[in-house]
Amino acid sequence: MQVLVVDDVEENCDLLSLKIKKMGHSVDCCYDGKTALNSVREREYDIMFLDISLPEMTGTEVLEHMSEEGLHDKTKVVMITATDDSKVVIQCMRKGAKGYITKPFSINEVQRALT
């Protein structure tokens, strides 16, 4: 499985990437929204773990662009963020996210998202 992890905190991205790689998947990391959007435009990912608070472009804005460009059809998006505000969760789901994991997350949550 091809996985994209997007988080502006490099350590978070590296930790999640390492755990996903140990499960046998291929992982790329991005640290801002614009780079993430360009990555899903250029390469096919099976799933993207997307933070909301990102520089350059927020995770919500990335979702909007993906929806406008029909990119949700090829890449499942799971939000992974520190906020547990139900309004934000609903907003992300309406914009195309298929799941939502709150930090700190358990590896079981990540495994469930990957299935």
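Every number in this text was worked out from the coordinates using simple rules, so none of it is lab data. All figures in this text were calculated on a predicted structure; none of them were measured in a lab. Glycine gets a Cβ as well: all are built from the backbone with ideal geometry, and neighbour counts include every protein chain shown.
Rounded to the nearest 5, what % of the DSSP beta bridges within segment 2-114 are antiparallel ones?
0
Using DSSP H assignments, which helices in the chain have an axial alpha-carbon span of 27 Å or above and a mean Kyte-Doolittle hydropathy of -0.5 or higher?
Details: long enough: none.
Helices passing the filter in the chain: none found.
Please report the relative contact order for segment 2-114, taking Cα pairs under 8 Å with a sequence separation of at least 6, and give it as a percent rounded to a whole number.
Relative contact order, segment 2-114: 23 percent.
In deg cm²/dmol, rounded to 500, what helix-only [θ] at 222 nm does the chain give when every DSSP H run of at least 4 residues adds -39500 (n - 2.57) and the total is split over its residues?
Value at 222 nm, helices only: -13000 deg cm²/dmol.
If you line up the Cα atoms of the chain on their principal axes, what length do they span on each, largest first, in Å?
33, 32, 26
Could you check the spin-label model distance between His25 and Glu42? Points 7 Å from the Cα along Cα→Cβ, value in nm.
Each label point lies 7 Å from its Cα, and together they span 2.1 nm.
If you average the alpha carbon positions of segment 55-102 and of segment 13-33, how far apart do those two centres end up, in angstrom?
If we compute the Cα centre of each part, the gap is 18 Å.
Determine the sum of side-chain charges near Thr58: Lys and Arg each +1, Asp and Glu each -1, restricted to other residues whose C-beta is under 12 angstrom from that of Thr58.
Here the charged neighbours net out to -4.
At most 16 other Cβ atoms within 10 Å plus a DSSP loop assignment makes a site exposed; report the longest stretch of the chain without any exposed trypsin sites (Lys or Arg not before Pro).
The answer is 1-42.
For the chain, build the charge dipole from Cβ charges (+1 Lys, Arg; -1 Asp, Glu) around the Cα centre, then report which of Thr35, Val78, Gln111 sits farthest towards its positive end.
Farthest along the dipole direction, towards plus: Gln111.
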